[in-house]
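The values are calculated or read from the model by the stated rules, or taken from the named source; none is laboratory data. Just so it is clear, the model here is predicted, and its values are computed rather than measured. Cβ coordinates were reconstructed from backbone atoms using ideal geometry, including for glycine residues, and neighbour counts include every protein chain displayed.
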Amino acid sequence: MLRNLKPKSEFSRNVLTLMTGTTIAQAIPIAISPILTRIYTPEDFGIFALYMSVASILSVVATGRYELAIMLPKKDEDAMNIVVLSITISFLVSLISLVIVSVFNKKITDLLGNSEISMWLYFIPLTVLLTGVYQSFNYWLNRKKQYKRLASNRIMQSGVTAIANLSMGFAELGRSGLIIGSIVGKSVATIVLVRKVLIEDRFFLKKVEKLKIFILAKRYIQFPKFDIWASLLNVFSYQITHILFNTLFNSTIAGYYYLTQRILGLPFAFVASAISDVFREQASSDFKKFGSAATIYKSTFIKLFVLGLFPSIILYFFSVDLFTIVFGKKWTIAGEYVQILTPMLFIKFIASPLSFMLYIGEKQKLNFYSQALFLISILYSFLVGKDAYEVLRNMAWLFSFVYIYYIFISAKIAKVF
């Protein structure tokens, strides 16, 4: 009987594998969040959000976006050359970041408008390096259909981060526990991922050549040439909100907003990421073979819609009460933020995995223009918003329109129409 319930298609089985892993991975931080909100203050979360915002923006350029090209070559040996290229760029970017932070620490601190971030700026290059290396090997394993390994690695990262957050929180180390916990979790996950690839894929590593790296770097030059700017706009648009809430309002409001993203955004993002990992491989394969990815696009759209609808309805109507009960009365405002943003995040949940069609179709320039709309929407929302609530309402409406546009454009590239 249980065998009959098992998904019959390879795509569905792979999605289920990753979703199981990512669900467990996300259940861990969500499960400990009621504890974290009682041992860390909204201000602590606000500083952590500011740190992660700066690190995330820099992480976009960590690999030159070449990790996205790992899925595209027909030969695995070419893909491994791109992996090495991505990691090499990550080391260079991290080194340059360390020099900049060391020389301009005070100016950067003043620009961010929060003196508490000063000492933590020195840890950002390490986070950038870890992110670059992790992403490069993540795409390699994605290409090799190592979905069980990807799932278990995410669980490990989440578990280690949670243990570090709780341990340092109970030791009353304040925001140090959030930042150090994040670094420790990513370090362990990256080391395990790298070790496995070095042991099991040594054959492909022996095929790495400098000349081939240069040839492939030139072949996929559109990724750093166009997509790096589009991705910078995308991450900057997302992370600038944490920075602006810190600088234009205060770290408490930034903390409320961060918890909103942590509780609401991450489960959606990780489930979408599980589907996206499988969709990328299948859509890339179909597009190379048939010049179309319409079938997998339509089935993925339906899966995303069904998976996201019920949780979105529940959150929209009950988020305020849920946040007050689970996280404490001081976090009620975060529940109100969730209610405002839920409809937009439902549309984003559908659009994000499917938008990889822009990379498959090598429409990086179009993606760049679309990301510019996100940044304009953010800046406009803060410009005309009189308070945090109005800012969030403006963002929700404007972002929804952009994500709907993404869905139609990616469907066109997949030749659904």
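Remark: pairs (first residue in segment 390-413, farther than 17 Å from Leu358 by Cβ; second residue outside any helix (DSSP H, G or I) and of a type outside the set (Asp, Glu); Cβ separation under 9 Å; 6+ apart in sequence or on different chains) = Val391/Gly385; Leu392/Gly385; Arg393/Gly385; Asn394/Gly385; Met395/Gly385. Residues that are among the β-branched types (Val, Ile, Thr) and closer than 30 Å to Leu68 by Cβ within segment 309-359 comprise Thr342, Ile347, Ile350, listed in sequence order. Of the residues contained in segment 312-320, one or more are found to be within 22 Å of Gly46 (Cβ to Cβ), more than 20 Å from the chain's Cα centre (by Cα), surrounded by fewer than 21 Cβ atoms within 10 Å (Cβ to Cβ) and at pLDDT below 90. If you check Thr252 against the conditions, is it crowded, with 23+ Cβ neighbours inside 10 Å and either farther than 28 Å from Ile155 by Cβ or of a type in the set (S, T, N, Q) (or both)? The answer is no for Thr252. Among the residues of segment 82-90, none qualifies, meaning not one is part of a helix (DSSP H, G or I) and over 22 Å from the mean Cα position of the chain (by Cα). The conditions of being farther than 16 Å from Leu112 by Cα, of a type outside the set (D, E, K, R), surrounded by 20 or more Cβ atoms within 10 Å (Cβ to Cβ) and in contact with a helix residue (DSSP H, G or I) (Cβ under 8 Å, 6 or more places away or on another chain) are not met by Ile243.
Check whether at least one residue in segment 111-122 is of a type in the set (A, V, I, L, M, F, W, C) and without any contact (Cβ under 8 Å) to a residue 40 or more places away in the chain, and report yes or no. Among the residues of segment 111-122, at least one is of a type in the set (A, V, I, L, M, F, W, C) and without any contact (Cβ under 8 Å) to a residue 40 or more places away in the chain, which makes the answer yes. Counting residues in segment 72-84 that are basic (Lys, Arg) and more than 23 Å from Leu211 (Cα to Cα) gives zero. Residues that are surrounded by 20 or more Cβ atoms within 10 Å (Cβ to Cβ), in a helix (DSSP H, G or I) and either β-branched (Val, Ile, Thr) or without any contact (Cβ under 8 Å) to a residue 60 or more places away in the chain (or both) do occur in segment 274-290, at least one of them. When you check Ser158 against the structure, is it among the hydroxyl-bearing types (Ser, Thr, Tyr) and buried (at least 22 other Cβ atoms within 10 Å of the Cβ), yes or no? The answer is yes for Ser158. Each residue in segment 353-376 was checked for being surrounded by 18 or more Cβ atoms within 10 Å (Cβ to Cβ) and assigned to a helix (DSSP H, G or I), and 12 of them qualify.
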